[in-house]
1. Residues that are within 25 Å of Asp23 (Cα to Cα), among the hydroxyl-bearing types (Ser, Thr, Tyr) and in contact with a helix residue (DSSP H, G or I) (Cβ under 7 Å, 6 or more places away or on another chain): does the range 107-114 have at least one?
2. Return yes or no: is Ala31 under 19 Å from Val115 (Cα atoms) and of a type in the set (A, V, I, L, M, F, W, C)?
3. Within the range 106-125, can one find any residue that is closer than 15 Å to Ala52 by Cβ and either of a type in the set (Lys, Arg) or at pLDDT 95 or above (or both)?
4. Return the residues of the range 86-102 that are of a type outside the set (Lys, Arg) and within 13 Å of the chain's Cα centre (by Cα); say none if nothing qualifies.
5. Which members of the range 58-96 meet the condition of being under 16 Å from Gln130 (Cβ atoms), touching a residue at least 40 places away in the same chain (Cβ under 8 Å) and aliphatic (A, V, I, L, M)?
Amino acid sequence: MVDEAVVVDHLRAVNEYTNDLKDMRTLSKEAYLDDVVVQRAVERPFMNLIQACIDVAEHVRSADALAPSGTSKQGVEALGQAGITAAETEAKLTEAVGFRNVLAHRYGEIDHEIVYDVLHTELHWFEAFQQEVAQWLKRRE
């Protein structure tokens, strides 16, 4: 059974990290690309944000027995397959899991231009995820 408090706690974290990243949008691309400290200040909230989404997905997946245990991407996909998240949200969050892996595990060189672009164009997917899961919780009541 899904523990609503666990999900709500993670959704609050999603909201917090999304807002933190929005605050970083004031930087120019040049300032971002020239400052490794600022880059790290953006990368860490991204990793935490995506991990919070994964944690929601894994909790719901396991508690509702949506799919057998698997990868983080499979956990996110299970929410989409169950109709909890929209197909497009599922696809974008699945991509985000790969993005988190690159940031967290440093698979090759991080393309800081891509990180900057994601910061400015992709945060709405995390808001969509948060809203879709919250609506699902509300329908369960």
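The values are calculated or read from the model by the stated rules, or taken from the named source; none is laboratory data. Please read all numbers here as calculations on a predicted model, not as lab measurements. Note that each Cβ is placed from the backbone with ideal geometry, even for glycine, and that neighbours are counted across all protein chains shown.
1. no
2. Details: under 19 Å from Val115 (Cα atoms): yes; of a type in the set (A, V, I, L, M, F, W, C): yes.
Against the criterion (under 19 Å from Val115 (Cα atoms) and of a type in the set (A, V, I, L, M, F, W, C)), Ala31 qualifies.
3. The answer is yes, given that some residue of the range 106-125 is closer than 15 Å to Ala52 by Cβ and either of a type in the set (Lys, Arg) or at pLDDT 95 or above (or both).
4. From the range 86-102, those of a type outside the set (Lys, Arg) are 86-91, 93-99, 101-102; that's our starting set.
Scanning the range 86-102 gives Thr89, Glu90, Ala91, Leu93, Thr94, Glu95, Ala96, Val97, Gly98, Phe99, Asn101.
5. Of everything in the range 58-96, those that are under 16 Å from Gln130 (Cβ atoms), touching a residue at least 40 places away in the same chain (Cβ under 8 Å) and aliphatic (A, V, I, L, M) turn out to be Val60, Leu79, Ile84, Ala86, Leu93, Ala96.
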